[in-house]
Amino acid sequence: MKTRPALLLPRMRLPSMLFPPMHFPAMAVCLVLACPASAQWASWRGPQATGVSLETRLPESIEKSILWRYPIGGGRSSPVIHDGHVYISSRGGEGVTQREEVICFDAATGKVVWVDRINVFHTTIPGPRVGWANPTVDPETGNVYFHGVEGLLKCYDRKGAVIWSRSLTEEYGSISGYGGRTNTPIIDEDRMVLSFLNASWGDQGRGAHRFVAFDKLTGEVLWWSSPGGAPLDTTYSTPVVAVIGGVRQLVVGCADGWVYGLEARTGEKIWGFHLSKRGINVSPVVQGNLVYISHSEENVDSTALGRVVCIDATGKGDVTKTHEKWRADEITAGYASPAIAGDRLYVCDNSANLFAFDANTGHELWEYNLGTESKASPVLADGKIYVGEVNGPFHILRPGASACESIDMVRFRAPDGRKNEIFGSCAVGGGRVFVSTRDELICLGSRDWKGKAPAPPPQPPEPAVSRDDAPATLIVTPADVELEPGRAVSFRPRLYNDRGQYLRDADPRDVTWSLAGLAGSLGEDGKLALPIPLATGFQAGLVNAKLGDLEASVRVRVSPPPPMRIDFNDVAAGQLPRGWIGMSPIKFETVDLDGERVLNKHGTSQRFARALAFFGPPDLSDYTIEADVRGVFRRRTLPDMGLINQRYRLALIGVDQVLRVLTWVPEKRLEKNVPFEWKQDVWYRMKFRVEPKGDAALIRARVWPRDEKEPEAWTLEIEDPFPHDRGSPGIYAYTAGTTARSRGTDVYFDNIIVTRNDAVR
């Protein structure tokens, strides 16, 4: 054993289309007792967010303890448990039926209670990475929350009905990359908190890793927080809530390589610790005032890879050099999150080596080799560790003070004999251990479990709010809204003390209100009215609030309903349309071309050669979008250019000389190509229509040279039997040939029209 020095310092459908549960001879599923209602593993890493269950008399044998198994289409997430139900996300279906799924099971029998099947769109995430984020249950209401790879954030009730949803890509410019890293939501008091990389408009036009709090009951945005610098990766570290030094904090790993502590109720940054030269994927664990976290990239102060660190989280500001309690270098634990219980910290590195550390000193107690590759986080319960490997083995271990021993190990296989990969962690509840593999959800347990499930200890108390507490932070809600002209919204000012504790709602009449970039009327009661003629078009700006020395701002977008007519003549050259999502100067600008003011997707950034931009609400349906498009040949290639309608993409593909419609790029769930020869520096008119046809949707498009008469026949037609039922209009461009040193191709857009189909039939 090596010793390292310690340094002091919906569309919801009925579940009938799912496969029935797989019953094995050794299973007496029908005799299993129901899970106690008190048994809850309602969120990622368990009831204390430490990877620990306090239940007793849990399984020590794997094969003899299998109560039921259920085939899932594939996934990487971890299950959660609440009130006798188990929830999991996965991929389901094949070909045109391939979608993301959220499934609710009866924990005792494995029977499917409900399932929501979600089409995937606006992402380059491939099928094997669908079902990445973990569901989360609010123990207070029983509501279930899920963040999908397509950017849909959904809140379900206990029966699977959608209470509210947000389309993070279309509303907030969520960035979704091929790696598939999708963040898991958490519940804290009245808030649902989520983080993601985004680039939308205004002060969020530049891409960053941001944290947002939603009202858990309504989906209203409560606050945004951007604690870090430029993101270095997409990441999936999940925030942890803890009371530290009397302050309720969100402890978060960020895409800039830092760990931050935020006020949980306001999002205000308290402290930051620089850990890695790349983004943080591992979720922290907190015990007392100490934060434990790890990574596997290059350290900020050496060329060594990987570090486990213990941080005293009672500081303020940059605590990198002042509040490190101990570290263990060259532990490349960048995927699996640690678990902590008492004075022991358990960490699994990328090569499936499990370490135990003294949590107080950082002294390494032992190292145990599981196998070859690890992504799943260890779960500690009943004096045992449950953990899986990527290659399929699942282990039950007994950790000791100076060594670790194996109790049992089984290599799970898929029905076709392939290794059944394990990426997710287990969940423990009601005497059962639920294991999620790539192809199955497996329940381990005893039919006559008589163990105990003690309630976890509460968070440390916060100091009582005093009448003498001075307001330190002003929060105005809703903090981010999209309105149609003629609509109104009332804002609520709230005051918090210097510990981030809620004091009271302020009287809106005591607030000084002002508008920036918005043409509307704002009353002294904080009510914003927008009696704007439709010709005014798009707007985006701020509602500013000032109360004494405290200030706050609310982000407001105004999008006109169809019919929309956009010719860019009211946009100054070099500027951008206001409030469009994904419309940043690094990708777009307006220019004068042949006497016309047009929008240019320029090929100056290799990183942002491909771009989507949205300019309407995500609930539009049954409409037609048309526009003039023009591509410029450069570096021996042509660009791709097109339109977005109801989450389908239509594009003229330069290199292939085809007109293509699709909805999920890497998987081609629905795609059709029609040969179409087009030339550079010629304006073409594109018309793209999506209309419902019973339970299906009919997708039609025609393209022709703008100076010629519109043809009567559609250039392309295809029917989707599992359609998107809504989605924002938008534009798409890929400026091929862009390099770090040379400008690539250019795409121009003009004369965009969005019309409801019943108005043009």
* State the percentage of accessible surface on the range 296-344 attributable to carbon and sulfur atoms; use a 1.4 Å probe and exclude ligands, DNA and RNA. => 44
* Structure fact -> In whole Å, largest first, the alpha carbons of the range 630-761 cover along the principal axes 50, 36, 25
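Calculate, in nm to one decimal, what residue 298 and residue 498 gain on full extension: separation in residues at 0.36 nm each, minus their alpha carbon distance. Working shown, then result.
Details: separation 200, 0.36 × 200 = 72.00 nm, distance 3.56 nm.
Once the chain is fully extended between residue 298 and residue 498, it gains 68.4 nm.
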* Long-range amide H partners of residue 163 with built H, under 5 Å -> 155, 156, 157
* What residues from the range 656-673 fall in the zone where the backbone N is under 15 Å from a label point 7 Å along the Cα-to-C-beta line of residue 693? -> 671-672
* Structure fact -> By the Cα gyration tensor axes a ≥ b ≥ c (a/c under 1.5 gives rounded; else a/b larger than b/c gives prolate, otherwise oblate), the shape of the range 180-311 is oblate
* Considering the alpha-carbon set of the chain alone, what are its Rg and its Dmax in angstrom? -> 26.9, 82
* Only Lys, Arg (+1) and Asp, Glu (-1) charged, at Cβ; the chain dipole about Cα centre in debye -> 1100
* Asked: With the radius of gyration and the Kirkwood radius both derived from the Cα set of the range 296-412, what is their ratio Rg to Rh?
  -> 1.00
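Considering only the other residues whose Cβ falls under 12 Å of the Cβ of residue 61, what net charge follows from Lys and Arg at +1 and Asp and Glu at -1? Intermediate values should be presented prior to the final figure.
Values: positive: 64, 384; negative: 60, 63, 408.
Local net charge: -1.
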* **Furthest towards positive pole of dipole, 748, 723, 711, structure part the range 708-761, Cβ charges** => 748
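Restricting attention to the range 68-160, which GluC sites (Glu not before Pro) occupy a DSSP loop and are surrounded by at most 12 other Cβ atoms within 10 Å? Could you put the intermediate results ahead of the total?
On the way: sites: 94, 100, 101, 140, 150; in loops: 94, 140, 150.
Answer by residue number: 94, 140.
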* Structure fact -> Simple spin-label estimate for residue 707/residue 455, 7 Å along Cα→Cβ, in nm, reads 7.8
* Structure fact -> Percent antiparallel among DSSP beta bridges confined to the chain, rounded to 5, stands at 95
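About the Cα centre, and with charges only on the beta carbon of Lys, Arg (+1) and Asp, Glu (-1), how big is the dipole of the range 540-633? Nearest 20 debye, please.
Dipole about the Cα centre, nearest 20: 380 debye.
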* **Within the range 76-179, chymotrypsin sites (Phe, Trp or Tyr not before Pro) in DSSP loop having at most 15 other beta-carbon neighbours inside 10 Å** => 178
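Using 0.36 nm per residue of separation minus the Cα-Cα distance, give me the extension gain between residue 97 and residue 742 in nm, one decimal. Display every interim value, and only then the final one.
Details: separation 645, 0.36 × 645 = 232.20 nm, distance 4.14 nm.
Net length gain for the segment: 228.1 nm.
Tell me the mean residue ellipticity at 222 nm calculated for the chain from its helices only (DSSP H runs of n ≥ 4, each -39500 (n - 2.57), averaged over every residue, nearest 500). Don't skip to the end; give the middle numbers.
On the way: 1 runs with 5 residues, N = 761.
That calculation yields 0 deg cm²/dmol at 222 nm.
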* Structure fact -> A 1.4 Å probe over the protein heavy atoms gives the range 459-561 a carbon and sulfur accessible-area percentage of 49
* To do: Only Cα pairs under 8 Å and at least 6 apart count here; give the relative contact order of the range 642-761 as a rounded whole percent.
  => 23
* To do: Report the calculated FRET efficiency for residue 157 and residue 677 (r = Cβ-Cβ distance, R0 = 51 Å), to the nearest 0.05.
  => 0.45
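Over 25 Å between C-alpha atoms is what I'm after, so list which of 384/452; 64/111; 316/527; 269/384; 269/546 land there. All intermediate terms of the calculation are to be shown ahead of the outcome.
Numbers: 384/452 15 Å; 64/111 21 Å; 316/527 36 Å; 269/384 37 Å; 269/546 20 Å.
From the list (384/452; 64/111; 316/527; 269/384; 269/546), the Cα-Cα distance tops 25 Å for 316/527; 269/384.
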* Asked: What percentage of the solvent-accessible surface of the range 74-123, computed with a 1.4 Å probe over protein heavy atoms, is contributed by carbon and sulfur atoms?
  -> 47
* At residue 573 and residue 466, where each label point lies 7 Å from the Cα along Cα→Cβ, what is the point-to-point distance in nanometres? -> 6.3
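Of 499, 411, 555, 492, which has the most accessible area with a 1.4 Å probe, and how do the rest follow in descending order? Write down the numbers at each step before the final one.
On the way: 499 50, 411 110, 555 15, 492 85 Å².
Descending accessible area places them as 411, 492, 499, 555.
Calculate the dipole size of the range 365-494 relative to its Cα centre from +1 charges on Lys and Arg beta carbons and -1 charges on Asp and Glu beta carbons; express the result in debye to the nearest 20. Display every interim value, and only then the final one.
Working: 16 positive and 17 negative charges, 83 e Å.
The calculated dipole for the range 365-494 is roughly 400 debye.
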* Asked: Which of the listed residues, 246, 291, 123, is farthest toward the dipole's positive end in the chain, when Lys, Arg count +1 and Asp, Glu count -1 at the beta-carbon?
  -> 123
* In nm, spacing of pseudo-spin labels at residue 215 and residue 63 (7 Å Cα→C-beta vector) -> 5.5
* **Surrounding net charge for residue 279, when Lys and Arg each add one and Asp and Glu each subtract one, Cβ distance under 15 Å** => +1
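Compute the accessible area per residue over the chain, keeping the other protein chains in place, probe 1.4 Å, unit Å².
Values: 28630 Å² over 761 residues.
Per residue, the chain has an accessible area of 38 Å².
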* Structure fact -> Ratio for the range 712-761, C-alpha Rg to 2.2 N^0.38 Å, reads 1.72
* To do: Scan the range 577-652 for trypsin sites (Lys or Arg not before Pro) in coil per DSSP, keeping those whose Cβ has at most 16 other Cβ atoms within 10 Å, and list them by number.
  => 607, 635, 636
* Asked: Hey, if you put +1 on the Cβ of every Lys and Arg and -1 on every Asp and Glu Cβ in the chain, which of 255, 193, 694 ends up farthest toward the positive end of that dipole?
  -> 694
* Which whole-Hz couplings ³J(HN,Hα) result when phi for each residue of the range 422-428 is put into the Karplus expression 6.51 cos²θ - 1.76 cosθ + 1.60, θ = phi - 60°, listed in order with x for Gly and Pro? -> 10, 10, x, 8, 7, 10, 10
* To do: Round to the nearest 0.05 the FRET efficiency obtained for residue 655 and residue 607 when R0 = 25 Å and r is the Cβ-Cβ distance.
  => 0.80
* Asked: Can you work out the FRET efficiency for the pair residue 484 and residue 369, with r the C-beta to C-beta distance and R0 = 51 Å, to the nearest 0.05?
  -> 0.25
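The values are calculated or read from the model by the stated rules, or taken from the named source; none is laboratory data. Predicted model, so just to flag it, every value in this text is computed and none were measured. Quick reminder, even Gly has a Cβ in these numbers, built from the backbone with ideal geometry, and neighbours come from all protein chains shown. Side chains are part of the model used for accessible areas, which takes the heavy atoms of the whole protein and leaves out ligands, DNA and RNA. Shrake-Rupley method; radii C 1.70, N 1.55, O 1.52, S 1.80 Å.
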